[in-house]
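Enquirer: Below you will find the structure I want to go over with you.
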Amino acid sequence: MKEFCKKLSAVLKTIFGYGIMICLFAGGLTFFGYVAALIIGGDTAAAICTFLYKTVIPVIIYLSVIMVLLGLVAMYLNGEKALTPEKKESKKHEGEM
């Protein structure tokens, strides 16, 4: 069972990596869309901005949320505890008691 979880975790991490890369790339493309709208101006610019805001950005947000969930599931299956605080023993200096 543990070996299956490790293999599934590796697959999910790969999907997570590519998905987050796509989200970041799409977010960068929206920046260029807004710059193009700024240069064009007028009603066309308003249409471009409305299209980006109402259709593209919600898809990017949903996709990124799903990818983060997949990343957390992959970490859980792999046994990693990234979101848990660890207690570290504080080492005292020689001058402290």
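Enquirer: Filter segment 66-88 down to residues that are within 13 Å of the chain's Cα centre (by Cα) and open to solvent by 90 Å² or more (accessible area, probe 1.4 Å) and give me whichever is farthest from residue 23 (Cα to Cα).
Expert: Looking at residues that are within 13 Å of the chain's Cα centre (by Cα) and open to solvent by 90 Å² or more (accessible area, probe 1.4 Å), I get 69.
Enquirer: Among the residues of segment 30-50, what is the count of those that are without any contact (Cβ under 8 Å) to a residue 12 or more places away in the chain and on the phi < 0 side of the Ramachandran plot?
Expert: 12
Enquirer: Mind listing just one residue for me: the one in segment 11-62 that is polar (S, T, N, Q) and loosely packed, with under 13 Cβ neighbours inside 10 Å and, of those, farthest from residue 76 (Cα to Cα)?
Expert: To start, the set of residues in segment 11-62 that are polar (S, T, N, Q) comprises 14, 30, 44, 50, 55.
From the residues that got through so far, the ones that are loosely packed, with under 13 Cβ neighbours inside 10 Å too are 14, 44, 50, 55.
Details: 14: 15, 44: 47, 50: 39, 55: 32 Å.
Result: 44.
The values are calculated or read from the model by the stated rules, or taken from the named source; none is laboratory data. Treat the numbers as computed from the prediction; the structure is a model and nothing was measured. Cβ: placed from backbone, ideal geometry, glycine included. Neighbour counts: every protein chain shown. Quick note on the areas: whole protein, heavy atoms, side chains included, nothing else; ligands and nucleic acids left out. Shrake-Rupley method; radii C 1.70, N 1.55, O 1.52, S 1.80 Å.
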